[in-house]
Amino acid sequence: MATSVRVLGVRVDAVDTAGAVARIGALVEAGGHHQVATVNPEFIMLARRDPEFARILEAADLCLADGWGVTWAAKQLGVPLPGRVPGSDFLEPLAGFAAERGYRVFFLGAAAGVAEAAATALRRAHPRLQVAGCHAGDAGPEGDAESLALIRAARPQILLVAYGHPKQELWIERNRLRAEVPVAMGVGGAFDFVSGRVPRAPAWMRRVGLEWLYRLGREPWRARRMAVLPAFAIRVLLAAGR
Ligand code: UDP
């Protein structure tokens, strides 16, 4: 199997959940300052319009396939991926792995109190999880000093950043060297789901790839962002020569 696939120019790494956890472990052990992204069709369409966002994704150390749209596209392009690694589902196994390895995890972003609630929920599932800190903070540069002070003092191995795209990728790009964290990962709305603040779609909808429809029903403002999806599908089919 190929190690990665390019979907309309954006690299997506061919790893399943276990592979993603192992890669993150290797990045932590390697030291340095690594970036992990969870790529969905909206990321890919934004990268086509925004060269800075495209450059950040290209430079990321690990690009996970966040959702059904990306695995569908990879299949159309003849390079099937081993599975989806949606940010919201991934935090639980990642927390288990961090607990096992003794990695400290910092939760940055989302609305006030949500990072704490997500950390508490993950600690309930993995009591040995070391929560280095939680901070809603501000996604823009004006919030950097305060967030960086907290993160540097907490010395985490893994920093989860929940500001949605592209803010979280820009935050990591801007701050990863100063944060002194081996792995920083953008996780979108994962804290909202993990904390139970936003309910997940029923299992059957997730299974058949309709989670987006459920989210759209609950948060109709997403329609504008999702408007890129038909163009994404058409471009993928054209690229696949159909
Ligand atoms: N968020 C935030 N600050 C911001 C913008 C967003 O904390 O300035 C949080 C928001 O509360 C939510 C997450 O970022 O928890 C965005 O989730 P979404 O599912 O929209 O992420 P995306 O799909 O854009 O990656």
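The values are calculated or read from the model by the stated rules, or taken from the named source; none is laboratory data. For clarity, every value in this text was computed on a predicted model and none was experimentally measured. Cβ atoms come from the backbone with ideal geometry, glycine included; neighbour counts cover every protein chain shown. To get the accessible areas, we keep the full protein, side chains included, count just its heavy atoms, and leave off ligands, DNA and RNA. Shrake-Rupley method; radii C 1.70, N 1.55, O 1.52, S 1.80 Å.
Restricting attention to the stretch 132-159, the residues being without any contact (Cβ under 8 Å) to a residue 24 or more places away in the chain and open to solvent by less than 10 Å² (accessible area, probe 1.4 Å) number 1.
Residue pairs whose Cβ atoms lie under 6 Å apart, separated by 6 or more positions or on different chains, with the first residue in the stretch 160-182 and among the aromatic types (Phe, Trp, Tyr) and the second part of a strand (DSSP E or B), are 163/109; 171/161.
Just for the stretch 30-43: of the residues that are in a loop (DSSP other than H, G, I, E, B) and under 15 Å from residue 157 (Cβ atoms), which one is most open to solvent (accessible area, probe 1.4 Å)? Within the stretch 30-43, the match that is most open to solvent (accessible area, probe 1.4 Å) is 33. Out of the residues in the stretch 109-131 that are buried (at least 21 other Cβ atoms within 10 Å of the Cβ) and of a type in the set (Gly, Ala, Ser), state the one that is farthest from the ligand (Cβ to nearest atom). Here the residue is 119.
When we screen 64, 27, 46, 57 for residues that are surrounded by fewer than 20 Cβ atoms within 10 Å (Cβ to Cβ) and within 21 Å of residue 84 (Cα to Cα), the only hit is 46. Taking first residues from the stretch 59-75 that are in contact (Cβ under 8 Å) with a residue 12 or more places away in the chain and partners that are of a type in the set (Val, Ile, Thr) and surrounded by fewer than 22 Cβ atoms within 10 Å (Cβ to Cβ), the Cβ contacts under 6 Å between residues at least 6 apart in sequence or on separate chains come to 65/71. Taking the stretch 4-16 as the range and being surrounded by fewer than 16 Cβ atoms within 10 Å (Cβ to Cβ) and over 21 Å from residue 47 (Cα atoms) as the test, only 16 passes. Scanning the stretch 67-93 for residues that are of a type outside the set (A, V, I, L, M, F, W, C) and open to solvent by 50 Å² or more (accessible area, probe 1.4 Å), we see that the one that is farthest from the chain's Cα centre (by Cα) is 78. Annotation: of all residues in the stretch 210-226 being open to solvent by less than 60 Å² (accessible area, probe 1.4 Å) and farther than 17 Å from residue 193 by Cα, the one that is modelled with the lowest pLDDT is 226. Taking the criterion of being over 18 Å from residue 103 (Cα atoms) and at pLDDT 95 or above, the residues of the stretch 165-184 that qualify are 165, 166, 167, 168, 169, 170, 171, 172, 173, 174, 175, 178. Is the stretch 75-90 home to any residue that is of a type in the set (S, T, N, Q) and within 16 Å of the ligand (Cβ to nearest atom)? For the stretch 75-90, residues of a type in the set (S, T, N, Q) and within 16 Å of the ligand (Cβ to nearest atom): present. Considering the stretch 160-194, the residues that are among the aromatic types (Phe, Trp, Tyr) and in contact with a Phe, Trp or Tyr (Cβ under 7 Å, 6 or more places away or on another chain) include one that is most open to solvent (accessible area, probe 1.4 Å), namely 163.
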